[in-house]
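Reviewing the structure listed below.
The values are calculated or read from the model by the stated rules, or taken from the named source; none is laboratory data. This one's a predicted model, so the numbers in the text were calculated from it and none came from an experiment. Counting neighbours? That spans all protein chains shown, and the Cβs are built from the backbone with ideal geometry, glycine included.
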Amino acid sequence: MYQYDSYDRTLVDERVAQFRDQVQRRVAGELSEDEFKPLRLMNGLYLQLHAYMLRIAIPYGTLSTAQLRKLADIGRRYDRGYGHFTTRQNLQFNWIRLEDTPDILAELASVEMHAIQTSGNCIRNVTADHFAGVAGDEIEDPRIYCEIIRQWSTFHPEFSFLPRKFKIAVTGSPHDRAAVKVHDIGLRMHRNEAGEIGFEVLVGGGQGRTPVIAKTIRPFLPKRHLLSYLEAILRIYNQLGRRDNLYKSRIKILVDSVGVDRFTQLVEEEWQQIRDGYLDLPAAEIERIRAFFAPPPYRALDAQVPEYEAALRRDFRFARWVRTNVTPHKRPGYAIVTLSLKPTGGIPGDATDAQMEAVADLADRYGFGELRVSHEQNLVLPDVTKADLYELWKQLETLELATPNIGLAGDIIACPGLDYCALANARSIPVAQQISKHFSDLTRLLDIGELKIKISGCINACGHHHVGHIGILGVDKHGSEFYQITLGGSADENAAIGDIVGPSFGATEVVGAVETIIDTYLHVREGGERFLDTYRRVGLKPFKEKLYAAH
Amino acid sequence: MALQVVTANRLIDGRVVFLADGYRWVEEIGSARVADGEEPAKALLAIGEKAAADRIVVAPYLIDVSSDGARITPTRYREVLRALGPSSHPAFGRSPSATLAAQR
Amino acid sequence: MPLIRATGVVDDPWLFVPDEEQLPEAGAVIVTLARWQANRDQLLARPTPLGLRLKSDQPPSLVAGDVERFDVIALEFPKFTNGRAYSSARLLRERYGFRGELRAVGNVLRDQLALMRRCGFDSYEIPPQVDAAAWLSSLGGISVVYQPATDERASVLTLRHGTPEGQGRGDAGAHSRDPIAPTPSTSTRVG
């Protein structure tokens, strides 16, 4: 993975000193809260319901074990011994003190981490496929370009006060695990007819109040133009994005209001002025960064691993876990393991400091000292030999990280919701816990099959409910918590925004509604249809009818 | 009869606090100073705003509460969560009996 | 309002004349875009230097052909969160070749000075009563910059690979870096 050189280190170190000074000036009264707020947001520090929340950047979801141990240590010493992995591959600590934050950032800097631009109206963490580098269908490792974009966007002087936040995602595979179509800019790596690898550039996707699927503005962009093209897009947005209405400030609104053709024209006109200049991406920099993502020293292994296959036959619980939590690796004899942070009845995405320490040990022992964070709030050990899978599984079980539910109804994505978040209208965690407990029968979960349930506590959609197969949105109705359900959303290359099923459900009715939806699906599904396939075939009607039959 | 208290987050550590007697800020809503009516509430908020200017708290505001003599309970559920702590992590909160009991 | 440049607090020889006020017969004045568009010939006929003040929603392309007429262009930040002027500044320098004084006015905050400087600003109107020396100490910002911008600082890309910079900036690369150098041609007439 990427390692800092002296320039990278100087930047984060000076940033820590700068923020320390800003905190001191705030406490001394030289900065008002209004003036300080954007500064602390640009260092990832929110003021939430109960305390400050620090959102630490995990660039493109890749962590070293040294970094994970530091996060565990910070959680232990400065927080309450746990952290929350988010839908943008970051980590949040919920009980932070302002006065500790400069020290925390200094500790993060010592392991090449930071909280830069994880909030604020600037370019945020550039996210990627959590199977980058190891997925069989990958064209090129997207993280190389995520790192390039990360650096270009860090403290970009022109784009630090955008109309609103800006999120970029990159996929290096045709099967999009990075949800690029619901990002402000999505980049999809692919080959043109000449066999060259470049980017399809999509703009204006997003969730929130007005969910939109991104539009393609350039089908193929050669790599050397990556930064100049992004600069053109951001410049158009910075100039023309609305500044008068918080809810109409994202780039998706701009693309919609001028139309994608006109928007494309504006970008292309600006780009023509700045292309082939000082923003040309040097091939030397691509190669320098590519070297950090070179394959680790894989052993030449057989695809067939007798002891692994024997374990599958012998231990049905192991086999069940492999079926859902293990993904084929591009190298023979290796496997990708997803650690479920969704234990039955647990809080989605949370991990204790003890779990983090243990996972770091496992990543060292059963890998190359690296792990991933997925936007579905799970962790990934990317390079486990098949021969080691059984041993690993047993250890994950003792750590409660082996619930065999990845991609199933128990693998719920949920934002922190009203329990923590100052923006929320309703709680999301208890709903996730109830659904998880209701569907705790693993046999049943497997029978239901792939089902992505995503819960947001407010319309900001940090739980990505719009792209859930079943999406649940918490709303405040007359001071009580109600939940609106959407169906048929999807975040992959066939991205879709879910359809609202009808009037919202009270807190005690939600689980029953989800049960009804799943029963309906089980009743009408054909062949090996997943929930999403059935929904696409039969539409909203059968679900709506069953849900509101009594009304 | 509208009862209100002033709440805010403490600047230095972000913790939820309530304005109590003598310009103190406390973490237990049970010790909060209760304003009864519009004018007392405005006066209480003004004290809160001074504390913000003095960098003790951030963003003070009034919340509606009810009081049965023994306990002070916020009207809005959001404020109940702020007063008690997250429902998802009872260990991190303040227990209802300790928190909501009004102290004499 | 105090005015600072990289060298320190400087006197401001300019007078901003709002639209509703009458222009003095002579003297260095800064006018709004509206006034410039309505009275272009009269303004150009003045014997004293001319400046322009743009609002955040007035793109610099509107004066693209005329930038050399102005010795100073002031760009407004109506609220510090409105970052349009960062783009306007860069375009004025790099696209339209503006070489005069580029001034940040409005809701200018200390922690933004370094960003503004990188975008081509070279003077900053700051609130009265602030510690100007402290503000000036923030002008440099972080010593490492990842990306090329309007200022001539070598980006990390260049430092790593020695890629020649300055290409693509047209002749605006020669814009004044010396904050107290006289502005071209009309400087002797600054009162």
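Summary table below
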{"item": "Within region A:359-478, strands (runs of 3 or more DSSP E) holding 1 or more residues that are within 14 Å of chain B (Cβ to nearest Cβ) and closer than 26 Å to A:Ala178 by Cα", "result": "A:453-456, A:470-477"}
{"item": "Residue within region A:100-116 that is within 30 Å of C:Arg93 (Cα to Cα) and within 14 Å of chain C (Cβ to nearest Cβ) present", "result": "yes"}
{"item": "Cβ-Cβ under 8 Å pairs, at least 6 apart or on other chains, region A:11-23 side within 9 Å of chain C (Cβ to nearest Cβ), far side assigned to a helix (DSSP H, G or I) and of a type in the set (Phe, Trp, Tyr)", "result": "A:Gln22/A:Phe36"}
{"item": "Hey, A:Val431 within 18 Å of A:Ile412 (Cα to Cα), among the β-branched types (Val, Ile, Thr) and under 20 Å from the mean Cα position of the chain (by Cα) or not", "result": "no"}
{"item": "Leading residue by the ranking (farthest from B:Gln4 (Cα to Cα)) among those in region B:85-96 that are of a type outside the set (Ser, Thr, Tyr) and more than 10 Å from every other protein chain (Cβ to nearest Cβ)", "result": "B:Pro90"}
{"item": "Residue list for region C:62-94, restricted to those being more than 19 Å from A:Phe159 (Cβ to Cβ) and either part of a helix (DSSP H, G or I) or of a type in the set (S, T, N, Q) (or both)", "result": "C:Leu62, C:Val63, C:Ala64, C:Gly65, C:Asp66, C:Val67, C:Glu68, C:Arg69"}
{"item": "Residue list for region A:498-551, filter: in contact with a His (Cβ under 9 Å, 6 or more places away or on another chain), surrounded by fewer than 20 Cβ atoms within 10 Å (Cβ to Cβ) and aliphatic (A, V, I, L, M)", "result": "A:Val511"}
{"item": "Among the candidates A:Gln273, A:Gln265, residue that is more than 10 Å from chain C (Cβ to nearest Cβ), modelled with pLDDT of 95 or more and either part of a helix (DSSP H, G or I) or farther than 15 Å from A:Ile233 by Cα (or both)", "result": "A:Gln265"}
{"item": "Among residues of region A:140-192, those that are part of a loop (DSSP other than H, G, I, E, B) and hydroxyl-bearing (Ser, Thr, Tyr), counted", "result": "3"}
{"item": "Residue within region C:162-180 that is at pLDDT 50 or above and either closer than 30 Å to C:Glu25 by Cα or surrounded by 15 or more Cβ atoms within 10 Å (Cβ to Cβ) (or both) present", "result": "yes"}
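Conditions (1) basic (Lys, Arg); (2) in contact with a Gly (Cβ under 6 Å, 6 or more places away or on another chain); (3) crowded, with 18+ Cβ neighbours inside 10 Å, marked per residue:
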| residue | (1), (2), (3) |
| --- | --- |
| C:Arg5 | yes, no, yes |
| C:Val10 | no, no, no |
| C:Leu23 | no, no, no |
| C:Ala38 | no, no, no |
| C:Gln42 | no, no, no |
| C:Leu50 | no, no, yes |
| C:Gln58 | no, no, yes |
| C:Ala74 | no, no, yes |
